[in-house]
1. I'd like the FRET efficiency for His31 and Lys317, computed as 1/(1 + (r/R0)^6) with the beta carbon distance as r and R0 of 41 Å, rounded to 0.05.
2. Using only the Cα atoms of the range 204-296, what do you get for the radius of gyration and for Dmax, in Å?
3. Across the range 284-290, in residue order, what do the Karplus-derived ³J(HN,Hα) couplings come to in whole Hz, using 6.51 cos²θ - 1.76 cosθ + 1.60 with θ = phi - 60° and x for Gly and Pro?
4. Lys and Arg at +1, Asp and Glu at -1: add these up for the other residues within a Cβ distance under 11 Å of Asp264 and post the number.
5. May I ask for the Rg/Rh ratio of the range 281-383, computed from Cα atoms with Rh as the Kirkwood radius, given to two decimals?
6. Each residue of the range 346-363 in order: what ³J(HN,Hα) in whole Hz does its phi give by Karplus 6.51 cos²θ - 1.76 cosθ + 1.60, θ = phi - 60°, with x for Gly and Pro?
7. Show me the three semi-axes of the equivalent ellipsoid for the range 1-91, from the C-alpha gyration tensor (sqrt of 5 times each eigenvalue), largest first, rounded to whole Å.
8. Expressed as a fraction of 2.2 N^0.38 Å, the rule-of-thumb size for a compact globular protein of N residues, what is the C-alpha radius of gyration of the range 245-325?
Amino acid sequence: MSDIRVTAVATKADRKAFIDLPYRLNASDPHWVPPLKADVDELLNPKKNPFFEHAEVQLFLARRAGQVVGRISAHMDKLAWTLPPEQGMGPGTGNWGMFDAEDEAVAAALIAAAEDWLRAKGMTRVLAPLSLSIWDEPGLLVKGFDHDPVIMMGHNSPRYQAWFEGRGYTPAKTLLTYDLQVDKPFPPLIERIVASGEKNPRIRIREADKSRFKEEADLVFDILNDAWSTNWGFVPITDSEVRYVSKKMAPVVYPDLLRIAELDGEPVAFMLTFPDMNRVIKPFKGNLFPFNFIKLLAWVRKPKSPRMRVPLMGVRKHLQSSRMASQLAFMMIEYIRRSAVKNNGAQTAEIGWILDDNQGMRSVADAIDSKVNREYVIYEKPL
């Protein structure tokens, strides 16, 4: 590693190099979807991204013979320290992510730099990769390299798994995504469960009201924080993050694809679905200008997409593990399925991610005949 030099990102030129590197390293991968550079820049901007209000981040670049050959982010999330260790985070836990490397020697130098930074900050354990938080792109893809990722899911070289494990990292948790055919009805049992719910006067499944978007967003994130509060890896979403994410998501939230379930007039569950924007932005090669933004705006106004993604779903904690929770989930899935097929031309959907030990959600996924199509691993290592 003597010819590899790892330095902290300190200048605008460094920051640009950090953002630009993956476009060169992944250029030959037919299934890598270049993210919009403007989005990556905003993710890393402490003045815009409220993650920085409770986290400290340091970016690193690796160079060989003056050429940038790798990158990594090291970070500490102070909110994560307040959570019980048995939930995955806890005191002394740091993270790294946004990893790209030309070869294994570069990977070793980058990971060592991130570990040294975390150790100097008093961290005693690493949970990685997270890019940047558990709510962004968590985990390393280890299964499902043969197809494009959907919106807000990562894709990486299959070489990375051996490189990480060779540095002493062991799997802490596996995250699963499920592939589902939506242009055909669900199994008869699910149809009966939905029909039964439709006859129950206590249940109402409604579309989101975009004329009250702030209130609806607050409601959704309140349910989410409650529903996921005991999940492994959970870190609460702050009020600042709710405002930030809501504003960013507003243009691509469609009322018929965001359903809220009410029980006895009380909102108790939600399900959010996005048309897969990755199919639109893939040819952009990371750039919106000069003309790509016009194409994107036209698509956003009336999105047609054969592929959908269900990134978030939650049922309030007091209902979890009940028959009612499953019935509400099936009803929301079915209502969104109908809308996505009719209004967006949907044929398939990806559900997830789902923790590998979340038996409730895995049972729901199995019941609608969906199959695991991608696996992501979050690793851990003591420092």
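Here, each number is a calculation from the coordinates, and none is a lab measurement. All values reported here derive from a predicted model rather than from experimental measurement. Note that we place each Cβ from the backbone using ideal geometry, even for glycine, and neighbour counts take in every protein chain shown.
1. So, using R0 = 41 Å, E works out to roughly 0.65.
2. Values for the range 204-296 (Cα only, Rg and Dmax): 15.8, 51 Å.
3. Here the 3J(HN,Hα) series is 6, 6, x, 10, 8, 10, x Hz.
4. Net of charged neighbours comes to 0.
5. That ratio is 1.07, to two decimals.
6. Residue by residue, the range 346-363 yields 5, 10, 9, 9, 10, 9, x, 8, 10, 4, 5, 9, 7, 5, x, 6, 5, 5 Hz.
7. 27, 17, 15
8. Here the answer is 1.41, to two decimals.
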